[in-house]
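The structure appears below as structure tokens.
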There are 2 protein chains.
Amino acid sequence: MLFYIAKRDRIMTPARLWSLGGMDAVGDGVTRWRRVADGIRAAIGDGTVADRLPPEAELAERFGVNRHTVRRAIAALAADGLVRAERGRGTFVSGGAPRLAYEIGPRTRFSENLLAQARRPGGRMLRAAIVPADAETAALLDCAPGTDLHRVESIREADGVPLSVATAWYPAARFPGLVAALVETGSVTEALRREGLADYRRRETRVTAERLSAADAEHLSSSADGLVLVARAVNVDLSGRPVQALVTRFHADRTELVFRS
Amino acid sequence: MLFYIAKRDRIMTPARLWSLGGMDAVGDGVTRWRRVADGIRAAIGDGTVADRLPPEAELAERFGVNRHTVRRAIAALAADGLVRAERGRGTFVSGGAPRLAYEIGPRTRFSENLLAQARRPGGRMLRAAIVPADAETAALLDCAPGTDLHRVESIREADGVPLSVATAWYPAARFPGLVAALVETGSVTEALRREGLADYRRRETRVTAERLSAADAEHLSSSADGLVLVARAVNVDLSGRPVQALVTRFHADRTELVFRS
DNA sequence: TCCGGTTGTCTAGACAATTAGACAAGCGAG
DNA sequence: CTCGCTTGTCTAATTGTCTAGACAACCGGA
């Protein structure tokens, strides 16, 4: 099936909820051209559309919108470099970069992960501070709430393209010079080693999906409002003691998380 | 930090790019009230807002929008049952159900997974057909493209609430009576056992995020346009031979995928 | 009872999104 | 070249979104 054929009544803003105590609420907050763009993007993503898009008139009919709306959707995709329209010929998929397969396992190391795929790892630290542990983080790190933690926020890149923004918490008492070591080495593994931690491994990873916030969008240099894969992880030392709580927000258009059993 | 304080210029739809060779592309296709709603949702999600929301006037200022826009956002959240506005008192978070932690490992079994969390598993088959393997699926199942496959689409529920839509492919020659067995038993594990497969395990899982398509939204009975976590997996028999390719689309608001190492 | 704070409702205007129809411009095949 | 098909451009009208301001209704405490 080529593209989902939206029924007009469905994609249209339904006028329900009117009698519900006076609320304006009508549409779903996403414009039609955006929906169409997402639909086309998905069709390209899963290979339903390989090379050439159906003509605008046909797309308009399939999605149940006006041709101008389709054009706007295509313009957005073209601005992202995903398709390329040629007058008189058609609109063509210009093979976008495939998603980076970020493998997560017991020994997840950012740099190694990227180098294994011939991508150049990079990144920079955004902020570092010492903060008291909130209840949730304390539970993850198996410490008392209020304990001093390093909170380190950073950006990670592949071939210079922002891939994720990560926030990490470390027990400050155990790793006093951590931030300096992170700045100096640029590597979590190496910085922890300097602080006396020979090795660590990942205990668990919890994955959810969210919309890209405006703040993250800036960091990830994402034009369209995209999605993020949120990976919440805990890394432990060899005795099983937590050494790092990690929340990584991966750019969903550029990343795929891989778990092997 | 309570809520992201969007600068007016940022959240506003910028009117640049008009003269850029005739592309309509301007805004991001997401309305402001939707952004505000997502912002509040996120703040509720990560615990920044526990019980009561700041007053509408304050929210309006923080997000840099008019109070009416905030009201519309809140109306949308209220329609989803996430908050509850009380005239004269304030707007309160009405504790939504926590995400179901769906654990994925070598032995991922839907029913066991849910029962382990005291949730009642359910579901139904949507469609079943025999289709020729496309290149991608053939690669996953380690068979020749064009090979006959069972393609089974189904919905899975927790306590009667739709959790995911899944599409599975099985080699038809190896499991001739599979669909009948699935219909009869309602269990993949049991159906495969009847077809002579004693046990299977998961080889790998690849996770991405997408927007909920209109078709999926209907199946997952989601009012707002939500997100899905897409898990692409391969299950193999004990000799390592693929027996099932699986694409599961989890409702992102209701699910969290858990991987232990 | 009064008063400050909060949500609910209404009007009006500016601007963006969408539809509709028409036509120009370019491509490729017969 | 001519014809059919496709993308590019334009105008006009309609509908949706957002802002602005004002006021009503309601709650809780002083």
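The values are calculated or read from the model by the stated rules, or taken from the named source; none is laboratory data. Owing to the predicted nature of the structure, the values given are computational and were not obtained by experimental measurement. Methodologically, a virtual Cβ is constructed for each residue, glycine included, from the backbone with ideal geometry; neighbour enumeration extends over all protein chains shown. Keep in mind that these areas ignore ligands, DNA and RNA; they rest on the heavy atoms of the full protein, side chains included. Shrake-Rupley method; radii C 1.70, N 1.55, O 1.52, S 1.80 Å.
Within region B:85-110, the residues that satisfy the criterion of being within 11 Å of chain A (Cβ to nearest Cβ) and open to solvent by 30 Å² or more (accessible area, probe 1.4 Å) are B:Ala85, B:Arg87, B:Arg99, B:Glu103, B:Pro106, B:Arg107.
Taking the condition within 14 Å of chain A (Cβ to nearest Cβ) and not hydrophobic (A, V, I, L, M, F, W, C), does B:Ser261 pass?
Spelling it out, B:Ser261 is indeed within 14 Å of chain A (Cβ to nearest Cβ) and not hydrophobic (A, V, I, L, M, F, W, C).
The residues of region B:31-46 that are open to solvent by 50 Å² or more (accessible area, probe 1.4 Å) and away from DNA strand D (no atom under 12 Å from the Cβ), listed by number, are B:Arg41, B:Gly45, B:Asp46. Annotation: B:Ala42 fulfils all but one of (1) at pLDDT 85 or above; (2) part of a helix (DSSP H, G or I); the unmet one is (1).
Quick one: in region A:132-154, of everything that is of a type in the set (Val, Ile, Thr) and within 16 Å of A:Phe175 (Cα to Cα), which residue is least open to solvent (accessible area, probe 1.4 Å)? Applying the filter and picking the extreme gives A:Val152.
Taking the listed residues A:Arg202, A:Arg211, A:Arg194, the one that is of a type outside the set (A, V, I, L, M) and over 27 Å from B:Thr255 (Cα atoms) is A:Arg194, with no other qualifying.
The residues in region A:48-84 that are more than 14 Å from DNA strand D (Cβ to nearest atom) and open to solvent by 70 Å² or more (accessible area, probe 1.4 Å) can be counted, and the count is 1.
Residues that are at pLDDT 90 or above and touching a Leu at 6+ places or on another chain (Cβ under 6 Å): list the strands (runs of 3 or more DSSP E) wholly contained in region A:48-162 that include at least 3 such residues.
Details: elements: A:83-86, A:90-93, A:100-104, A:121-132, A:148-158.
Once the strands (runs of 3 or more DSSP E) in region A:48-162 are filtered for at least 3 residues that are at pLDDT 90 or above and touching a Leu at 6+ places or on another chain (Cβ under 6 Å), what remains is A:148-158.
Within region B:169-186, does at least one residue satisfy the condition of being part of a strand (DSSP E or B), within 14 Å of chain A (Cβ to nearest Cβ) and either β-branched (Val, Ile, Thr) or surrounded by 15 or more Cβ atoms within 10 Å (Cβ to Cβ) (or both)? Yes, the conditions are met somewhere in region B:169-186. Residues in region A:111-131 that are of a type in the set (D, E, K, R) and either without any contact (Cβ under 8 Å) to a residue 12 or more places away in the chain or open to solvent by 70 Å² or more (accessible area, probe 1.4 Å) (or both): A:Glu112, A:Arg120, A:Arg124, A:Arg127.
Within the bounds of region B:11-33, is there any residue that is closer than 25 Å to A:Arg35 by Cα, of a type outside the set (Ser, Thr, Tyr), at pLDDT 85 or above and out of contact with any strand residue (DSSP E or B) (no Cβ under 6 Å at 6 or more places or on another chain)?
Yes; the residues of region B:11-33 include at least one that is closer than 25 Å to A:Arg35 by Cα, of a type outside the set (Ser, Thr, Tyr), at pLDDT 85 or above and out of contact with any strand residue (DSSP E or B) (no Cβ under 6 Å at 6 or more places or on another chain).
Contact annotation: residue pairs with Cβ atoms under 6 Å, 6 or more positions apart or on different chains, pairing a residue in region A:199-213 that is at the interface with another protein chain (Cβ under 7 Å from one of its Cβ atoms) with a partner that is assigned to a strand (DSSP E or B) and of a type in the set (D, E, K, R), are A:Glu204/B:Arg260; A:Arg206/A:Arg232; A:Arg206/B:Glu256; A:Thr208/B:Glu256.
One residue alone among B:Val93, B:Val65 is farther than 23 Å from A:Val207 by Cβ and touching a strand residue (DSSP E or B) at 6+ places or on another chain (Cβ under 7 Å), and that residue is B:Val93.
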